[in-house]
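Colleague: The structure follows.
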Amino acid sequence: MEKLLHFIDGQFVESADGRTFDNVNPATGEVISLVAEGGRQDIDKAVAAAKRAFTAWGKTTPAERAKVLNRIADLIEQRQEELAILETLDTGKPLSLSKSLDIPRAAYNFRFFADFVKGLGTECFEMEGVALNYALRRPVGVAGLISPWNLPLLLLTWKVAPCLAAGDTCVIKPAELTPTTATKLAEICKEAGLPDGVLNVVHGFGPDAAGSFLTEHPDVQLISLTGETTTGKAVMKAASATLKRLSFELGGKNPNIVFADADLNDAIETTIRSSFSNQGEVCLCGSRVYVERPLYETFVNRLVDRASQLVVGDPMDAGTNVGSLISEEHLLRVEGFIERAVQQGGRVLCGGKRPSHVACGSYLEPTIIVDVNESCEIVQQEVFGPVITIQPFDSEEEVISAANDTRYGLSASIWTSNLKRAHRVAGELEAGIIWINSWFLRDLRTPFGGMKESGMGREGGMHSFEFFSELKNVCVKF
Ligand code: NAD
Ligand code: 6OD
């Protein structure tokens, strides 16, 4: 059986204490690899390597760094078929999604930040007749990059690419449930000629393990985390002793608001995607659907009809729409949410149970729940599975108030053909990313991140470089 090792200072190595853990394919329940389990010594070694490598990497030019980043993108593209299969084996997501979204976007993350860094400038302020101020951009140092399991390589490279482009070095702690493509990324970086120590990978767990040893480490200056809101709180606490710079992309409970004048076909098809793609395991999923009352019944009937047609099953089959959830433990958690929603008066219109035709794996039928209100747990808490609620509304004010009535503020979608209303509602919603008549339509130059408990800071384009670099002002007296 394959053993996935740490990647430290350009070498694949075992854990200092030799410990390993199992990597399970959630679609079958089979152990598919053994993974080195990192501890404090492994993190110390990786951080020391990243610190040494920073001396030279931090002095390279943006053009030199861009060249390596583009080579990494080329190699991801060359290995995309293999990477897509590995991503699906780790996550249970449909192979068609790994092929169309995860892996192409991972390559594009490198190309995008390679291009962006070459054109990057800074500000200049003239004090007329007195002085000229200009800002110099410099890398910060060693970054700890902690990633989740839902879009493993996509979200990891969303951090690695700007980090390396900015001239920082890094220690990656991939999600323990999806360690494979992070290991393959290390192989690719080595082949692309990235100097030893610039990128290091330490596998393992979060609390009191590799994740927290990384966040506490005094030689790590930055932490970029994508994960649960509770994890963000723990990391912030652990990082405070050494006053690290933090960027957090955290949980979401995103409203999907459909007005009666929306293009119904488009709204239905996109709502199917925004509710159930990647088994609903996308932080941006529109898990709270609000429909204006005149359209409510028609919308609900059509959505239930479409959701019931989705093919749930083997992620390797080309015809599969919904694969396996990430683990049995996560599926039990999602089922618990559904059970309690029903106890609180919710009515399950479709799904709510494991499909009968699959013998093993952690599958759940796409689930639609109605007859809930804002105080129900299912409307307030992030479920992170193929489960949505639908509620009717009667006025713009009412739906804005309901949409904002949550501790999260990641994204929102608004469906309407009234442009004035679309702009008005977008201005009022408490969310970092708002889509009008669309969902998950990405331009990597735009600020990406959440309000309230959905995150801290913004990533994307210039915003990633604001995080991964230092600016120092030089004031020249005339
Ligand atoms: P998670 O918080 O359990 O784990 C994320 C990473 O943090 C893992 O690598 C984990 O090992 C590590 N970790 C956990 N506890 C830690 C600690 N105390 N110290 C240091 N590291 C620690 O999240 P997950 O279950 O992997 O992912 C799902 C969550 O991520 C959902 O809440 C989802 O909304 C969120 N997410 C957010 C975004 C976004 O862009 N806002 C994107 C994807 C996922
Ligand atoms: O598209 C992105 O850049 C991004 N960070 C997506 C996050 C998806 C969450 O699951």
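Colleague: Looking at (1) in contact with a Leu (Cβ under 8 Å, 6 or more places away or on another chain); (2) closer than 30 Å to Asn265 by Cβ; (3) open to solvent by 70 Å² or more (accessible area, probe 1.4 Å), find the lone condition where Phe440 falls short.
Modeller: (3)
Colleague: Can you tell me how many residues within the stretch 430-478 are within 13 Å of ligand 2 (Cβ to nearest atom) and in a loop (DSSP other than H, G, I, E, B)?
Modeller: 16
Colleague: Can you tell me how many residues within the stretch 331-372 are open to solvent by less than 20 Å² (accessible area, probe 1.4 Å) and out of contact with any strand residue (DSSP E or B) (no Cβ under 8 Å at 6 or more places or on another chain)?
Modeller: 3
Colleague: From the list Glu216, Glu187, Glu191, exactly one residue is of a type in the set (Asp, Glu) and either under 17 Å from the mean Cα position of the chain (by Cα) or closer than 22 Å to Leu246 by Cβ (or both). Which is it?
Modeller: After applying the criteria, what remains is Glu216.
Here's the yes/no breakdown for (1) surrounded by 24 or more Cβ atoms within 10 Å (Cβ to Cβ); (2) basic (Lys, Arg); (3) more than 8 Å from ligand 1 (Cβ to nearest atom):
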site	(1), (2), (3)
Val140	no, no, yes
Leu153	yes, no, yes
Thr157	yes, no, yes
Cys163	yes, no, yes
Asp168	yes, no, yes
Lys173	yes, yes, no
Ala182	yes, no, yes
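Colleague: Tell me, which strands (runs of 3 or more DSSP E) lie completely within the stretch 117-187 with 1 or more residues that are more than 15 Å from ligand 2 (Cβ to nearest atom) and either of a type in the set (Lys, Arg) or in contact (Cβ under 8 Å) with a residue 12 or more places away in the chain (or both)?
Modeller: Correct list: 131-139, 142-146, 169-173.
Colleague: Here's another thing I want to ask about it. Scan the stretch 310-330 for residues that are surrounded by 17 or more Cβ atoms within 10 Å (Cβ to Cβ), assigned to a loop (DSSP other than H, G, I, E, B) and among the β-branched types (Val, Ile, Thr) and jot them down.
Modeller: Thr320, Ile326
Colleague: A further question on this structure: Considering only residues that are farther than 10 Å from Pro255 by Cβ and assigned to a loop (DSSP other than H, G, I, E, B), look in the stretch 411-429 and name the one that is least open to solvent (accessible area, probe 1.4 Å).
Modeller: Thr416
Colleague: Regarding Val342, is this residue β-branched (Val, Ile, Thr), in the same structural domain as Thr271 (by TED's automatic domain parsing) and within 22 Å of the chain's Cα centre (by Cα)? Can you show your working first?
Modeller: Details: β-branched (Val, Ile, Thr): yes; in the same structural domain as Thr271 (by TED's automatic domain parsing): yes; within 22 Å of the chain's Cα centre (by Cα): no.
Against the criterion (β-branched (Val, Ile, Thr), in the same structural domain as Thr271 (by TED's automatic domain parsing) and within 22 Å of the chain's Cα centre (by Cα)), Val342 does not qualify.
Here is a yes/no grid of residues against (1) in contact with a Phe, Trp or Tyr (Cβ under 6 Å, 6 or more places away or on another chain); (2) in contact (Cβ under 8 Å) with a residue 40 or more places away in the chain:
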position	(1), (2)
Pro355	yes, yes
Glu397	no, no
Phe440	no, yes
Met456	yes, yes
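Colleague: Go through the stretch 99-126 and give me each residue that's within 16 Å of ligand 1 (Cβ to nearest atom) and within 16 Å of Leu185 (Cα to Cα). Outline the logic, then answer.
Modeller: Step one: list which residues in the stretch 99-126 are within 16 Å of ligand 1 (Cβ to nearest atom), which gives 101-102, 105-106, 109.
If the condition is that a residue be within 16 Å of ligand 1 (Cβ to nearest atom) and within 16 Å of Leu185 (Cα to Cα), then Asp102, Arg105, Ala106, Asn109 are the ones that fit.
Colleague: If you go through the stretch 322-332 one residue at a time, do you hit one that is in the same structural domain as Ala402 (by TED's automatic domain parsing), farther than 28 Å from Gly432 by Cβ, away from ligand 1 (no atom under 16 Å from the Cβ) and among the charged types (D, E, K, R)?
Modeller: No, every residue in the stretch 322-332 fails to be in the same structural domain as Ala402 (by TED's automatic domain parsing), farther than 28 Å from Gly432 by Cβ, away from ligand 1 (no atom under 16 Å from the Cβ) and among the charged types (D, E, K, R).
Colleague: Please go through the stretch 114-138 and pick out each residue that is of a type in the set (D, E, K, R) and closer than 15 Å to Lys472 by Cβ.
Modeller: Glu123, Arg137, Arg138
Colleague: Right, something else. Please specify each residue of the stretch 394-417 satisfying the condition of being aromatic (Phe, Trp, Tyr) and either under 22 Å from the mean Cα position of the chain (by Cα) or more than 27 Å from Glu281 (Cβ to Cβ) (or both). Spell out the reasoning first.
Modeller: Initially, the stretch 394-417 is screened for residues aromatic (Phe, Trp, Tyr), giving 408, 415.
Correct list: Tyr408 only.
Colleague: So is Glu191 touching a strand residue (DSSP E or B) at 6+ places or on another chain (Cβ under 9 Å), more than 16 Å from ligand 1 (Cβ to nearest atom) and open to solvent by 10 Å² or more (accessible area, probe 1.4 Å) or not?
Modeller: Values: touching a strand residue (DSSP E or B) at 6+ places or on another chain (Cβ under 9 Å): no; more than 16 Å from ligand 1 (Cβ to nearest atom): yes; open to solvent by 10 Å² or more (accessible area, probe 1.4 Å): yes.
No; evaluated as a whole, the condition is false for this residue.
The values are calculated or read from the model by the stated rules, or taken from the named source; none is laboratory data. Just so it is clear, the model here is predicted, and its values are computed rather than measured. Backbone-built Cβ (ideal geometry, glycine too); neighbour counts: all protein chains shown. We work out accessible area using only protein heavy atoms, side chains counted, and drop any ligands, DNA or RNA first. Shrake-Rupley method; radii C 1.70, N 1.55, O 1.52, S 1.80 Å.
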